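Asks: Okay, handing you the structure first.
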Amino acid sequence: MADYDLERLGPSEFEHLAQALAVRYFGPDIRIYGAGPDGGREAAFSKDVSLPGGTAWTGLTIVQAKHRARVDGPGSNYRWLRAQVYRELVAWTSRRDDVRRPDNMLIVTNVKLSSVPGHDIDSLDKLFGEFADRLPLAGYAIWHYDHLCRLLDDSPGIRKAFSGLLTPGDVFAAMHDLITRTSLDIGTILRRHAAKELLAEQWVRLSQLGLKSTDRIPLARVATDLAAARSHAPSEAERRVHAARYICAIGNRVLRPSHRPGPSPHLVLIGGPGQGKTTIGQIVCQAYRVALLERAANLPPQITEAVTALQNQLDAMKIDRPALLRWPLRIDLNRFADAIARDDHTSLLRFVAQGIAARSEEHVSSADVRGWLGHWPWMLVLDGLDEVAAPRVRELLVERINDFFVDAADVDADLLVVVTTRPRGYAGEFTPEHYEHLTMADLTPAEALDYARLLADVRHGEDPDVHRNVLERIEEAAKNELTFRLLRTPLQITIMSLLLEGRSRVPHNRYGLFDAYYETVYNREVGKNNATARTLEQHRRIVNELHEDVGLVLQVQAEESGHAEPAISMHALRAMVRERLLDDEFVPAEADALTDDLIRIATHRLVLLMPVNDADVGFEVRSLQEFMAARAIVKGKDSQILRSMERLAPSSHWRNTWLLAAGRLAAVRNHLVDDLIALLHALDAQSYLMMQIAPGSDLALDLLDDGFGTASPRIERLLLKHAVEVFRRPPDLSTAHAADALHRVFGEKIAAAARVEDVARQTLAGAPPQKITAAIIMRQWSRTAGPLGSFARKNLRTLRELVGPSHHLALQLHFLGIVGPGPSEALDSAGTLADYLLLPSEIVDPLDQALLDELHDALRATEVHLVATEEQATVTAVPHLVMPSQLILERALTSDTIADLFADSIRSKAPEEWPVASALAVIAAQWLLHKQVGQRLLE
């Protein structure tokens, strides 16, 4: 016999528990009512039943759940419940005469009642008696706390379903009772794992930004819940959420498929470089570790202190302690990808088991982990899909994740999964029909200042002058149109705050921010009066080139199979430095000594390069690796730099590096800026297929968003002319991002906004698919202020009115999930994408024919439907796009003949077939984004 913590269920899950017990004792054919107005009942049935204990009921029975958030003493509990029951009885007696009244009423409550004669239960009997004439009940019963506990003792299936909410006290101490089919001391293993993970993830990763280990900043001091936009919000008011709070709220629901049929609860968290998506996953997992460990016994002092500190910060962020005690795991997908590259049969369960075993002295198998998955709720964060660049490994990774969901369904797992990724290169692998998509929002000026204040409090709380200076400089930057764009993400604010500790002038673009920070870190060490400072000053060029060369090598590595977590061996690093010194004609003995000295300084004083393991080093902050790779690219002859920029331009893996390289090019090779912009036009004119997907327009828009043209109206005008070509394309996964970027850059610039409006108006007057693109962009603008927002609201009332009922219906069903989940109307099959691929009008080369057949077969995986509206108009819909493998696309689309056919297939679609044109364009764009292009940089 056990007691259960029924308070933690909350009203919603308590209702579900009452419903589950009703089904358990009265049969599966009772009627269950969902959330919302239920007419005074959680369940109802009309049949003869026997209550536990032997009482028989006939006629209509209703079940009512009454959950009290804070259970007090017996007298208070009774008064509260009496008021609730009285209100229900009055409501039933005052209903219309034609409403059938219940013959029996069952009240299910979490409050404790006294069974002393003449007290709580007897008093409630008298209350029901007072309504005997007005509401004749043949039977009534109250399942109060003690009664519910005994029912749960006798209901193992329900206890398992609600285990994360019901289990009292120390969860880890009860593991053997929960999982009886293992000889492992699973409680000790998992408590040790949770405690070590909590300690390992209690720091903000700033040591890689040049801070000493003694300057580490606790997550518990600076953690902040960041805003995100929901893709399928039921209303505009519910679109913007706090990401961590929102995820934890979903996690408080029982999500076992057997008890919660319906849409999948899982999420994809999309954010740009440094926007905080990894930190959100870290905060969520720490919140669950705190909830588990605060109940555990015999914890060492450092764990108790960390738990208390995190509790305080969670309270400050208004994140309630999770009521449902999920087991939290955060998986670095780059590490999982490397495990798959070594053995492509590695499952996610096996990888998790290996991770748990690594923090334990016992062997943990995938079967042990699978048993744990079936018996206890999980919170699983799969972090960094974008860091898995090698196409074949990425495909296998997604396959293994989907396999894991099969395993989870097989054990009826109560599972919540959050996947994080950058937007560029995300191919919708996790579809909106199974995952809600949250897009990280830029920080507002107030949020940026709040975050800067948290950092200043931690670093300069005891130095009021520096504290004040840093915040004043941040406030000044936030008011400046040119510099506020550098305060949109937590990483940018962190670097800016650290930079402004020693200088007052603020950079005007993102490359300038990174470059100024690196120089500040370097000059800080040079300014010290010691031998290390003299070495750094004398050999600045070699130290710079060391960081640049390592950044480039690692960025190339990360694109290849088996190197999703790139690192360079200390041996290779030493050889790289020694070779440069020998090229400068140092004698070997002197080169050897200086090599060791420079490596020691680079990894222990500048500390931008960090140990990855005992023998390797790398950049743990990916943006710093990309920054150093960018510096490496903008070296050498002008023609060589432009060739590299052209080669890397379409790649999603290289996008951030490319943008940083463009910023450096403007800083040190300004005479090449016009050539760089011409390169974008040439890229889109390379082939007929490139004209349809126009990757150069994305790059032009990203350059503008990066502040590339702020110093020159002429450059900004040239980039704008090319950026607005995004309107000419079918809608794709980047359309909403393009809308946001256009507004950020031109939302307050009246003249430039007018040019954007003209293009939008022209496109809107045309036909799909471009008309749909314009509608999506303008819908994004309509939520904003400024000229573009005003223009959108005047010209866009609703998407339905704008694009017509049939196109709006297709847009709802479209795989982009921009508007929301599709309606329930039956759909007629219109074949597959393969049926919309044009075939050659004449005999082609046998090799091309074989490649075309292979592509044709791959496109059969994506179904196309025909949607009919009430006006009998028809339009196609592509509810779910299945991407062909990168290998198939690479073989097919590198053939000029097939590429032209594919382009014709996009271009030739009728207006009512715009979802097909869009799907084909997305396939071509994703092929281009995932092409491996970096290796030639090292040749």
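Asks: With respect to the numbered conditions (1) of a type in the set (D, E, K, R); (2) more than 26 Å from VAL90 (Cβ to Cβ); (3) modelled with pLDDT under 90, which one is the sole condition not fulfilled by ARG41?
Replies: All conditions are met except number (2).
Asks: Can you name the number of the only condition in (1) at pLDDT 90 or above; (2) in a loop (DSSP other than H, G, I, E, B) that ALA661 fails?
Replies: (2)
Asks: Could you list, in sequence order, all residues of the stretch 611-629 that are outside any helix (DSSP H, G or I) and either among the basic types (Lys, Arg) or over 23 Å from ARG510 (Cα atoms) (or both)?
Replies: Correct list: PRO611, VAL612, ASN613, ASP614, ALA615, ASP616, VAL617.
Asks: Yes or no: PRO322 of a type outside the set (S, T, N, Q), in contact with a Cys (Cβ under 7 Å, 6 or more places away or on another chain) and within 30 Å of ALA389 (Cα to Cα)?
Replies: no
Asks: Another question, if that's okay. Residues to consider are ALA409, ALA390, ALA413; find the one that is surrounded by fewer than 19 Cβ atoms within 10 Å (Cβ to Cβ), small (Gly, Ala, Ser) and over 19 Å from the mean Cα position of the chain (by Cα).
Replies: ALA409
Asks: Now, a different point. Looking at ASN509, is it in the same structural domain as ALA448 (by TED's automatic domain parsing) and more than 29 Å from ALA593 (Cα to Cα)?
Replies: Spelling it out, ASN509 is indeed in the same structural domain as ALA448 (by TED's automatic domain parsing) and more than 29 Å from ALA593 (Cα to Cα).
Asks: Going residue by residue through the stretch 541-559, is there one that turns out to be farther than 25 Å from ALA661 by Cα and outside the structural domain of MET645 (by TED's automatic domain parsing)?
Replies: Restricting attention to the stretch 541-559, the residues satisfying the condition of being farther than 25 Å from ALA661 by Cα are none.
No.
Asks: Restricting to the stretch 336-380, give me the number of residues that are among the acidic types (Asp, Glu) and not in a loop (DSSP other than H, G, I, E, B).
Replies: 2
Condition check ((1) surrounded by fewer than 24 Cβ atoms within 10 Å (Cβ to Cβ); (2) within 20 Å of ILE495 (Cα to Cα)) across all residues:
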residue: ARG580; (1), (2): yes, no
residue: LEU594; (1), (2): yes, no
residue: MET628; (1), (2): no, yes
residue: GLY636; (1), (2): yes, no
residue: ILE641; (1), (2): yes, no
residue: ALA649; (1), (2): yes, no
residue: HIS653; (1), (2): no, no
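Asks: Sticking with this structure for a sec: Consider ALA413 carefully, then state whether it is part of a helix (DSSP H, G or I) and either in contact with a Pro (Cβ under 6 Å, 6 or more places away or on another chain) or of a type in the set (A, V, I, L, M) (or both). Even if it seems obvious, please write down each step before you answer.
Replies: Working: part of a helix (DSSP H, G or I): no; either in contact with a Pro (Cβ under 6 Å, 6 or more places away or on another chain) or of a type in the set (A, V, I, L, M) (or both): yes.
No; evaluated as a whole, the condition is false for this residue.
Asks: A further question on this structure: Need the failing condition index for ASP857 against (1) closer than 30 Å to GLY562 by Cα; (2) assigned to a helix (DSSP H, G or I); (3) touching a residue at least 24 places away in the same chain (Cβ under 8 Å), just the number.
Replies: (3)
Asks: State the number of residues belonging to the stretch 860-896 that are assigned to a strand (DSSP E or B), surrounded by fewer than 21 Cβ atoms within 10 Å (Cβ to Cβ) and not hydrophobic (A, V, I, L, M, F, W, C). Full working, then the answer.
Replies: Of the stretch 860-896, the ones assigned to a strand (DSSP E or B) are 863-868, 874-877.
Filter again for surrounded by fewer than 21 Cβ atoms within 10 Å (Cβ to Cβ), leaving 863, 865-866, 868, 874.
Still in the list and also not hydrophobic (A, V, I, L, M, F, W, C): 863, 865, 874.
Total meeting the criteria: 3.
Asks: Residue by residue through the stretch 192-216, note down the ones that are crowded, with 19+ Cβ neighbours inside 10 Å, at pLDDT 65 or above and in a helix (DSSP H, G or I).
Replies: Correct list: HIS193, ALA194, ALA195, GLU197, LEU198.
Asks: Is it the case, given these coordinates, that VAL254 is under 18 Å from GLY164 (Cα atoms) and at pLDDT 90 or above?
Replies: yes
Asks: Here is a follow-up. Give me the pairs, please: first residue somewhere in the stretch 724-740 and farther than 12 Å from GLY428 by Cβ and modelled with pLDDT of 90 or more, second residue anywhere and part of a loop (DSSP other than H, G, I, E, B) and hydroxyl-bearing (Ser, Thr, Tyr), beta-carbon distance under 8 Å, and either six or more positions apart or on two chains.
Replies: Sorted first by the residue in the stretch 724-740, then by its partner, the pairs are VAL726/SER734.
Asks: Would you please name the residue that is nearest to the chain's Cα centre (by Cα), looking only at residues in the stretch 132-162 that are modelled with pLDDT of 85 or more and among the small types (Gly, Ala, Ser)?
Replies: The selected residue is ALA161.
Asks: Among the residues of the stretch 507-543, count how many are aromatic (Phe, Trp, Tyr) and free of Cβ contacts under 8 Å to residues at least 12 places away in the same chain.
Replies: Count: 0.
Asks: Can you tell me which condition VAL352 does not meet? The list is (1) buried (at least 18 other Cβ atoms within 10 Å of the Cβ); (2) touching a residue at least 24 places away in the same chain (Cβ under 8 Å); (3) under 14 Å from ILE401 (Cα atoms), and all the others hold.
Replies: (2)
Asks: For the stretch 833-849, enumerate the residues that are surrounded by 12 or more Cβ atoms within 10 Å (Cβ to Cβ) and outside any loop (DSSP other than H, G, I, E, B).
Replies: Selection gives LEU833, ALA834, ASP835, TYR836, ASP848, GLN849.
Asks: I'd like to verify a number: residues in the stretch 56-115 that are aliphatic (A, V, I, L, M) and in a loop (DSSP other than H, G, I, E, B), how many?
Replies: Count: 5.
Asks: Hey, among ALA767, ALA810, ALA792, which residue is surrounded by 20 or more Cβ atoms within 10 Å (Cβ to Cβ), modelled with pLDDT of 90 or more, small (Gly, Ala, Ser) and closer than 29 Å to SER235 by Cα?
Replies: Result of the check over ALA767, ALA810, ALA792: ALA792.
Asks: Can you tell me which residue in the stretch 480-506 is farthest from ALA228 (Cα to Cα), limited to those that are of a type in the set (Lys, Arg) and touching a residue at least 12 places away in the same chain (Cβ under 8 Å)? Let's see the steps before the verdict.
Replies: Let us first name the residues in the stretch 480-506 that are of a type in the set (Lys, Arg), namely 485, 488, 503, 505.
Then keep just the ones that are touching a residue at least 12 places away in the same chain (Cβ under 8 Å); that gives 485, 488, 503.
Working: ARG485: 18, ARG488: 13, ARG503: 32 Å.
Among residues in the stretch 480-506 that are of a type in the set (Lys, Arg) and touching a residue at least 12 places away in the same chain (Cβ under 8 Å), the one farthest from ALA228 (Cα to Cα) is ARG503.
Asks: Kindly evaluate VAL466 against the criterion of being in contact with a Lys or Arg (Cβ under 9 Å, 6 or more places away or on another chain) and either among the basic types (Lys, Arg) or at negative phi (or both).
Replies: Values: in contact with a Lys or Arg (Cβ under 9 Å, 6 or more places away or on another chain): yes; either among the basic types (Lys, Arg) or at negative phi (or both): yes.
Against the criterion (in contact with a Lys or Arg (Cβ under 9 Å, 6 or more places away or on another chain) and either among the basic types (Lys, Arg) or at negative phi (or both)), VAL466 qualifies.
Asks: Can you confirm whether GLU646 is touching a residue at least 24 places away in the same chain (Cβ under 8 Å), assigned to a helix (DSSP H, G or I), of a type in the set (D, E, K, R) and in contact with a Ser or Thr (Cβ under 6 Å, 6 or more places away or on another chain)?
Replies: No.
The values are calculated or read from the model by the stated rules, or taken from the named source; none is laboratory data. Owing to the predicted nature of the structure, the values given are computational and were not obtained by experimental measurement. Glycine gets a Cβ as well: all are built from the backbone with ideal geometry, and neighbour counts include every protein chain shown.
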